Structure formats: C-alpha cells, structure tokens
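The values are calculated or read from the model by the stated rules, or taken from the named source; none is laboratory data. Quick caveat, the model's predicted, so the values are computed rather than measured. No Cβ is skipped: glycine too gets one built from the backbone with ideal geometry, and neighbour counts run over all protein chains shown. Surface accessibility is based on the protein's heavy atoms, side chains included, excluding ligands, DNA and RNA. Shrake-Rupley method; radii C 1.70, N 1.55, O 1.52, S 1.80 Å.
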Amino acid sequence: MTTVKLLTDAEASPEARAVFDDIRKTRKSDFVNNAWRAQANHPAMLKRNWEHAKATMAPGTLDAVTKEMIYLTVSIMNNCEYCIHSHSFFARQKGMTEEQYGEMLSVIGLATDGNRMMTAMQVPPDDKFKVG
C-alpha cells in the first residue's frame with residue numbers, strides 16, 4: 001500500500017502535469033507510471049527527479065541496455081520491488097536478452113559473495129588498484 005496518493009492528471013497540480021507531459025513526450029508514450037504519479041504530490045521533487053533521470057538515462061557513452069542493467073542491479077541490491085519490475089521491463093524493451101539477464105544475476109551473486117568475504121576479512125586494496 002502506498003504512503004501517498006497516486007495522482008491522476010486531473011488531481012495533479014499544473015506543475016506536475018507539465019512534468020507528466022514531458023514524460024509522455026520524451027518517452028513517446030501516453031503512459032505515466034506510478035513512480036512519477038506518487039512523486040507528483042511534491043511537484044518540485046517530481047521535476048527535479050524527472051530532469052535527473054532524463055539527463056542520466058539519455059544517450060551517452062553507455063548504451064541504453066547497459067544503463068538499464070546497472071539501474072536494475074542497484075535496484076536488486078537495494079531490494080526495491082517497484083524498480084526491479086520497472087527496470088526489468090525497460091531493459092527488456094531496450095533489448096536485454098534472457099541470457100544477459102541470467103549473466104547479470106550471476107555477476108550480482110559473485111559480487112555479493114566477494115563483497116561479504118572481503119568485508120569480513122577486511123582485506124586492504126592493493127596499491128596497484130588505487131587511483132592516484
């Protein structure tokens with residue numbers, strides 16, 4: 001159950017509706033998902049987070065699938081059910097294969113196990129790996 005109302009377009013403020021319109025335009029879709037509808041309760045936060053997401057996920061040196069898979073990995077590590085589902089969807093929509101998904105899960109498992117061991121043993125990083 002949400003802790004805030006998921007605002008419809010009619011319920012949202014003019015500022016929030018302007019962000020909804022930009023989401024639709026940017027994504028070339030009429031769909032505005034629940035993450036944005038929840039944030040519409042706080043229009044300044046909605047606008048700030050949408051602008052950050054739009055800039056970060058825009059074309060860059062990382063391809064769209066890689067960006068979505070990174071977002072998905074962080075979502076899995078943070079146990080965010082909403083983000084796991086939405087970014088699995090977006091990653092598949094942008095071309096992630098089931099083989100890539102399985103390989104990503106294997107890397108997450110390896111990293112999780114390795115992180116726990118290195119943390120438990122307090123292994124210092126090799127000088128070779130340090131920047132500067």
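Take the residues in the stretch 1-21 that are of a type in the set (Val, Ile, Thr) and in a loop (DSSP other than H, G, I, E, B), then tell me which one is nearest to residue 49 (Cα to Cα).
Result: 4.
Could you tell me which residue of the stretch 61-75 is least open to solvent (accessible area, probe 1.4 Å), considering only residues that are under 18 Å from residue 34 (Cβ atoms) and without any contact (Cβ under 8 Å) to a residue 24 or more places away in the chain?
75
Under 30 Å from residue 15 (Cα atoms) and among the hydroxyl-bearing types (Ser, Thr, Tyr) - does that describe any residue in the stretch 53-63?
Taking every residue of the stretch 53-63 in turn, at least one turns out to be under 30 Å from residue 15 (Cα atoms) and among the hydroxyl-bearing types (Ser, Thr, Tyr).
Considering only the stretch 76-125, how many residues are of a type in the set (Val, Ile, Thr), in a helix (DSSP H, G or I) and open to solvent by less than 70 Å² (accessible area, probe 1.4 Å)?
4
Being touching a residue at least 12 places away in the same chain (Cβ under 8 Å) and loosely packed, with under 15 Cβ neighbours inside 10 Å is the filter here; which residues of the stretch 36-51 pass it?
Answer for the stretch 36-51, where residues must be touching a residue at least 12 places away in the same chain (Cβ under 8 Å) and loosely packed, with under 15 Cβ neighbours inside 10 Å: just 44.
What pairs come out if I take residues in the stretch 1-19 that are over 24 Å from residue 81 (Cα atoms) and pair them with residues that are in a loop (DSSP other than H, G, I, E, B) and of a type in the set (Lys, Arg) whose C-beta lies under 8 Å away, six or more apart or interchain?
Correct list of pairs: 11/5.
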